[in-house]
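Just below is one structure, and these are the notes that go with it.
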Amino acid sequence: MGIDEYDEDELDEIEEDEIFSEQSIEQADTKIRGNKILNIHSNQQMRVIVHEPKDFEEVPGIVDNLKNNKPVVINLEELEYELAKKIFDFLNGAVYALEGKIQKISKGIFIIAPKNVEIQGDFKTETTEKGIFPWQK
């Protein structure tokens with residue numbers, strides 16, 4: 001079936017449909033440009049979970065918090081080196097798999113964030129200057 005086989009009325013309908021589609025697209029674009037960007041999650045309160053694990057069995061619970069998009073501060077200061085390293089290595093693997101982020105706050109203290117949370121700046125310097133964590137004074 002070639003273009004020669006269409007009636008003139010059918011071609012007019014096709015052209016009207018194309019014009020209608022183009023107008024709809026243009027109107028949608030102007031509506032998007034006219035609106036401000038809104039943060040969908042602006043009403044939700046962000047909670048940071050603090051963990052001080054005593055043994056390796058507590059670590060899957062920490063990973064569950066990350067899977068539920070909750071940032072975690074992990075304190076490994078009181079643990080023996082080998083256990084702290086084992087926990088850190090496990091958490092580091094989970095962070096990688098979940099596309100999260102990990103940043104050192106101080107020796108043995110880290111903040112671990114899921115991929116929906118952004119960590120900006122030098123967190124260690126900021127927390128020390130502002131006194132957010134009392135153990136850093």
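Mind counting the residues in segment 77-114 that are closer than 13 Å to V63 by Cα and in contact (Cβ under 8 Å) with a residue 12 or more places away in the chain?
Here is the first cut: in segment 77-114, the residues closer than 13 Å to V63 by Cα are 87-102, 111-114.
From the residues that got through so far, the ones that are in contact (Cβ under 8 Å) with a residue 12 or more places away in the chain too are 87-88, 90-91, 94-95, 98-101, 111-114.
The qualifying residues number 14.
Hey, could you check segment 32-57 for residues that are modelled with pLDDT of 90 or more and more than 16 Å from I109 (Cβ to Cβ) and say which is surrounded by the most Cβ atoms within 10 Å (Cβ to Cβ)?
F56
For the subset of segment 106-137 comprising residues that are hydrophobic (A, V, I, L, M, F, W, C) and modelled with pLDDT under 90, which member is nearest to R47 (Cα to Cα)? Don't jump to the end; show me each part of the working.
Initially, segment 106-137 is screened for residues hydrophobic (A, V, I, L, M, F, W, C), giving 109-113, 117, 119, 123, 132-133, 135.
This time we only want the ones that are modelled with pLDDT under 90, so: 117, 119, 123, 132-133, 135.
Numbers: V117: 11, I119: 14, F123: 17, I132: 15, F133: 15, W135: 20 Å.
The selected residue is V117.
Looking at (1) modelled with pLDDT of 90 or more; (2) surrounded by fewer than 17 Cβ atoms within 10 Å (Cβ to Cβ); (3) touching a Gly at 6+ places or on another chain (Cβ under 8 Å), which is the only condition P60 fails?
(3)
The values are calculated or read from the model by the stated rules, or taken from the named source; none is laboratory data. Being a predicted model, the structure only gives us computed values, none of them experimental. Reconstructed Cβ throughout: ideal geometry from the backbone, glycine too, with neighbour counts over all protein chains shown.
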